[in-house]
Amino acid sequence: MRRLLLEMRRSLAAPSRNPRMATVLGRLLGSAFVICFLTGLYSHFLQQPEPWMHFATRPFFLYQLTQGIHITAGIACFPLLLGKLYSVFPNLFQTPPIRGFLHFLERASITLFVSTALIEITIGLLDTFQWYPFPFYFKQVHYALSFILIGSLAIHIATKLPVIRRYWFKKRSFDENGELLLDPEDRPVTSEQIVDEIGPRPEPTAPIARRVSGVTGRIFDWIDSAPPPKPAISRRGFVTTIGVATAALVALTGGQSFAFLNGINVFAPRKQGIGPDSLPVNRSAKAAQVLTTAMDPDWTLTVARQGTTMEFTYADLKAFPQHVEQLPIACVEGWSQMATWRGVRLSDLMATVGRRDSEGLRLTSLEKSGAYRRTNMGAEYVQDDRTLVALEVNGQTLDIEHGYPARMIAPGRPGVLQTKWLSRIEVL
Ligand SMILES: Nc1nc2c(c(=O)[nH]1)N[C@H]1C(S)=C(S)[C@@H](COP(=O)(O)O)O[C@H]1N2
Ligand SMILES: [Mo]
């Protein structure tokens, strides 16, 4: 068994399979995961805030930025993680498999990390396509796994600290000729070493080819005489491959979150400017079952605070001073797009029922059912002058798909909280 494991490691040796490469890729991958974790937490708390939390409403594109970074960094993890797995692959065949408690901890944490990381980025990517071929709720699982992922990453880094420290700096890792300096225990396994340790390979009793005749025998002959495999990819070739793959993936999908990359958005599910009023649609009016209620000429918007209730018709809302704001829809699924909104300032509307500055709101949609039929809005968003009950987008009356007759649009909030087809706004 020991010979087999050593032989495995010997045959898997490659220029890019070394602790320096593992450290360099690990740095990038670790940073990407920490960025994803922090931006993910921000997104989580925006949607499920603790009572004491207050959020920044400026810059107005804050969530667009943090969520764009979340998705883009998550996508970059694919080539980085695969590259890292490639570079540490021979370590899978360590002998003895477990050398003590610390070593057990190291291997257990890395197993947990790799499996959770693969699931996490895969379901995250599928979510950007709104495709859920798995039997659990994306949101809860993605959130829970992120803690396992970050926890196991922390343990992994702690147990690997000596290696990370040893190979962190380029200067310490290479000699003047660009040759990698490896500590003895980090050198690849050689045939001589195996012979020294376990003795020479037992002689094969008879070459297989000679025991088999006919076509099969000839195939074995051919395998026996085949030239040894070409040397694996060079260190530089490997770095270039991972670098180009990462850059290309980011560039060819980043357009869903960052408008300047839209022209080369080949792979991401959402393009800018597509949909009614030149804006993509997430939940459709049909899915929300509002096709009749939203078009009802008797529609009113109810605004309530304690004992006071006001009903505003569409014409009433039009009679308020109308304000224009440039604000993005920034979906948790990664796509975002700027739009020009026109409508009633929310704080003007809420003043009609005497709302106080510190009071938050509850928004209700005409939508029949759905996770976002009812949402809460913190006082900071109500206070912000840019928050509108929008009646128009991009110079047109709101399309029913975008929330006709009226929808919320506030700066710095996730798309899920930009409630469409408003029906009721009440002070909490
Ligand atoms: N009532 C209601 N409003 C909603 C949703 C919803 O499911 N129900 N989806 C939200 C989501 S997830 C996003 S990203 C935005 C998208 O707005 P758009 O479809 O006008 O582009 O609307 C939000 N408003
Ligand atoms: Mo969304």
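The values are calculated or read from the model by the stated rules, or taken from the named source; none is laboratory data. Just so it is clear, the structure is predicted and the values come from calculations on it, not from any experiment. Positions of Cβ are generated from backbone atoms using ideal geometry, with glycine treated the same way; all protein chains shown enter the neighbour counts.
Anything in segment 387-413 that is in a loop (DSSP other than H, G, I, E, B) and buried (at least 20 other Cβ atoms within 10 Å of the Cβ)? List them, or say none. Walk me through how you get there before you give the answer.
So the first thing to find is which residues in segment 387-413 are in a loop (DSSP other than H, G, I, E, B), and the list is 387, 394-395, 398-399, 403-406, 410-413.
The answer is 387, 398, 403, 404, 405, 406, 410, 411, 412, 413.
Please verify whether segment 301-309 includes one or more residues that are part of a strand (DSSP E or B), modelled with pLDDT of 95 or more and within 16 Å of ligand 2 (Cβ to nearest atom).
no
Being more than 16 Å from ligand 2 (Cβ to nearest atom), under 20 Å from residue 378 (Cα atoms) and aliphatic (A, V, I, L, M) is the filter here; which residues of segment 310-360 pass it?
If the condition is that a residue be more than 16 Å from ligand 2 (Cβ to nearest atom), under 20 Å from residue 378 (Cα atoms) and aliphatic (A, V, I, L, M), then 344, 346, 349, 350, 351, 353 are the ones that fit.
Taking segment 105-132 on its own, how many of its residues are out of contact with any helix residue (DSSP H, G or I) (no Cβ under 7 Å at 6 or more places or on another chain), farther than 19 Å from residue 77 by Cβ and at pLDDT below 95?
Matching residues across segment 105-132 total 1.
Restricting the search to segment 359-386, which residues are touching a Phe, Trp or Tyr at 6+ places or on another chain (Cβ under 7 Å), over 22 Å from residue 318 (Cα atoms) and in a loop (DSSP other than H, G, I, E, B)?
From segment 359-386, those touching a Phe, Trp or Tyr at 6+ places or on another chain (Cβ under 7 Å) are 365-367, 378, 380, 386; that's our starting set.
Subsequent filtering for residues that are over 22 Å from residue 318 (Cα atoms) retains 367, 378, 380.
Result: 367, 378.
Of these, 343, 334, 370, which one is surrounded by 13 or more Cβ atoms within 10 Å (Cβ to Cβ), at pLDDT below 95 and under 37 Å from the mean Cα position of the chain (by Cα)? Give the steps one after another, and end with the answer.
Working: 343 fails: at pLDDT below 95; 370 fails: surrounded by 13 or more Cβ atoms within 10 Å (Cβ to Cβ).
So the residue among 343, 334, 370 that is surrounded by 13 or more Cβ atoms within 10 Å (Cβ to Cβ), at pLDDT below 95 and under 37 Å from the mean Cα position of the chain (by Cα) is 334.
Show the residue pairs meeting these rules: Cβ distance below 9 Å; 6+ apart or different chains; first residue within segment 390-403 and assigned by TED's automatic domain parsing to the domain that holds residue 328 and farther than 15 Å from residue 295 by Cα; second residue part of a strand (DSSP E or B) and modelled with pLDDT under 95.
none
Looking only at segment 1-42, filter to residues that are crowded, with 20+ Cβ neighbours inside 10 Å and small (Gly, Ala, Ser); which one of those is farthest from residue 127 (Cα to Cα)?
In this case the residue turns out to be 16.
Hey, among the residues in segment 379-428 that are within 14 Å of residue 350 (Cβ to Cβ) and of a type in the set (Val, Ile, Thr), which one's farthest from ligand 2 (Cβ to nearest atom)?
Among them, the one singled out is 427.
I'd like the full set of residues that are loosely packed, with under 11 Cβ neighbours inside 10 Å, at pLDDT below 80 and either of a type outside the set (S, T, N, Q) or in a helix (DSSP H, G or I) (or both), limited to segment 188-209. First the steps, then the outcome.
Within segment 188-209, the first condition is being loosely packed, with under 11 Cβ neighbours inside 10 Å, and the residues that meet it are 192, 196, 199-200, 202-206.
So of that shortlist, the ones also at pLDDT below 80 come out as 202-206.
Across segment 188-209, the qualifying residues are 202, 203, 204, 206.
From the list 315, 294, 304, 339, exactly one residue is in contact with a helix residue (DSSP H, G or I) (Cβ under 7 Å, 6 or more places away or on another chain) and assigned by TED's automatic domain parsing to the domain that holds residue 397. Which is it? Let's see the steps before the verdict.
On the way: 315 fails: in contact with a helix residue (DSSP H, G or I) (Cβ under 7 Å, 6 or more places away or on another chain); 304 fails: in contact with a helix residue (DSSP H, G or I) (Cβ under 7 Å, 6 or more places away or on another chain); 339 fails: in contact with a helix residue (DSSP H, G or I) (Cβ under 7 Å, 6 or more places away or on another chain).
Going through 315, 294, 304, 339 in turn, just one is in contact with a helix residue (DSSP H, G or I) (Cβ under 7 Å, 6 or more places away or on another chain) and assigned by TED's automatic domain parsing to the domain that holds residue 397: 294.
Name the residues in segment 330-365 that are within 12 Å of ligand 1 (Cβ to nearest atom) and either free of Cβ contacts under 8 Å to residues at least 12 places away in the same chain or under 16 Å from residue 423 (Cα atoms) (or both), would you?
Step one: list which residues in segment 330-365 are within 12 Å of ligand 1 (Cβ to nearest atom), which gives 330-339, 341, 363-365.
Of everything in segment 330-365, those that are within 12 Å of ligand 1 (Cβ to nearest atom) and either free of Cβ contacts under 8 Å to residues at least 12 places away in the same chain or under 16 Å from residue 423 (Cα atoms) (or both) turn out to be 363, 364, 365.
Restricting attention to segment 414-428, and to residues there that are near ligand 1 (Cβ under 8 Å from one of its atoms) and assigned to a loop (DSSP other than H, G, I, E, B), which single residue is surrounded by the most Cβ atoms within 10 Å (Cβ to Cβ)?
The extreme case among them is 420.
I need the full set of residues from segment 306-325 which are touching a residue at least 40 places away in the same chain (Cβ under 8 Å) and farther than 15 Å from residue 423 by Cα, in order please.
Passing the criteria: 306, 308, 318, 322, 323, 325.
Please indicate, with yes or no, whether at least one residue in segment 86-104 is basic (Lys, Arg) and surrounded by 15 or more Cβ atoms within 10 Å (Cβ to Cβ). Outline the logic, then answer.
Residues of segment 86-104 that are basic (Lys, Arg), as a first pass: 99.
Next, from what is left, pick out any that are surrounded by 15 or more Cβ atoms within 10 Å (Cβ to Cβ): none.
No, the conditions are met nowhere in segment 86-104.
Would you call residue 327 within 13 Å of ligand 1 (Cβ to nearest atom) and of a type in the set (A, V, I, L, M, F, W, C)?
Numbers: within 13 Å of ligand 1 (Cβ to nearest atom): yes; of a type in the set (A, V, I, L, M, F, W, C): yes.
Taking the combined requirement at face value, the residue satisfies it.
With 257, 284, 278 as the choices, which residue is modelled with pLDDT of 95 or more, within 13 Å of ligand 1 (Cβ to nearest atom) and either under 30 Å from residue 28 (Cβ atoms) or not basic (Lys, Arg) (or both)? I'd like the intermediate steps shown before the answer.
On the way: 257 fails: modelled with pLDDT of 95 or more; 278 fails: modelled with pLDDT of 95 or more.
Only one candidate passes the filter, namely 284.
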